[in-house]
1. Tell me whether region 205-222 contains one or more residues that are more than 23 Å from the chain's Cα centre (by Cα) and farther than 25 Å from LEU165 by Cβ.
2. Considering only region 163-180, I want to know if a residue exists there that is polar (S, T, N, Q), closer than 25 Å to LYS49 by Cβ and at pLDDT below 85.
3. Do we find that LEU144 is modelled with pLDDT under 90, more than 18 Å from the chain's Cα centre (by Cα), farther than 22 Å from ASN238 by Cβ and surrounded by 15 or more Cβ atoms within 10 Å (Cβ to Cβ) in this structure?
4. If I filter region 48-91 down to residues being surrounded by fewer than 16 Cβ atoms within 10 Å (Cβ to Cβ) and of a type in the set (Ser, Thr, Tyr), which single residue comes out as nearest to GLY141 (Cα to Cα)?
Amino acid sequence: MIKIGSIGYNCAHPEGFEVNWPDGPGAYILLLVKTAAEFHLGSSRFDVKPGTVVIISPETPAYYKPTGREYIDDWFYMDVDADGKKALSDLGIPIDSPAFVGASDIFSSLIYEMTVEFYSSELYHAEITELYTDIFFKRLGRVLTSRLSYKPGLPDDKRAELAELRTRIYREPAAVPTVAELAEEMKISVSGLEHLYKKAFGTSVISDIVNARLSCAKKLLMSTKLQISEVAEKSGYNSCYSFMRQFKLKVGVTPTVFRKFANYGKWNIE
């Protein structure tokens, strides 16, 4: 079981901020780091990028500070029993080692909801906090497994590049160039990129690009009143017609029908 002890959302600290726990934090703490920082965990040093999750165990000596002008993170202390430790291990979530997740908005949003419920006195607030916590770790495990796990045989010099590429695709699908341009950036052939990407993630580059763009489009259709042409543009489509055709092919309904169903709570978005 994993139970929240205290929690904070979007906490900002000025230049000069640092944390030093020579004997460890005394409890498990999770940090969702939103600015570049330098971390020392035990005897290891890490340069941490924005969009990184760090879980520190109670007795691990820890020190961290921003490498820029400020430090921002979400955080929560937690009680973790034997079952909780096994759950983290089964989900592939590392402890005392930073895990880069890239686009962190979804995790920060969950921590916001956890914070609201944790400090609430409303009915079922503790149960709801527990459910959000479970969702947080399962989504974290899914991201780490799908984006940062590799099958044997991949060249070492391409592992980090491939992980960064997939994170980039899902973070900013509208800004992703063509597969040929991506291959040129990585200094390999198109066929080479397609082979390595398929070997790493079990899917093609173009399939991930399409899925990322459609996922972005679904969110915009559900959460904004943008015109269909604007949704297409913000999701990475040069043609509104191409967007509508691909959306209907992959989702099964047109963007307009999808939005109508979503507005009435009848559509289950994945």
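1. In the first step, residues of region 205-222 are kept if they are more than 23 Å from the chain's Cα centre (by Cα); the result is none.
No; the residues of region 205-222 include none that is more than 23 Å from the chain's Cα centre (by Cα) and farther than 25 Å from LEU165 by Cβ.
2. Yes; the residues of region 163-180 include at least one that is polar (S, T, N, Q), closer than 25 Å to LYS49 by Cβ and at pLDDT below 85.
3. no
4. So the residue we want is SER89.
The values are calculated or read from the model by the stated rules, or taken from the named source; none is laboratory data. Treat the numbers as computed from the prediction; the structure is a model and nothing was measured. When we count neighbours, we look across all protein chains shown, and the Cβ atoms used for this are built from the backbone with ideal geometry, even at glycine.
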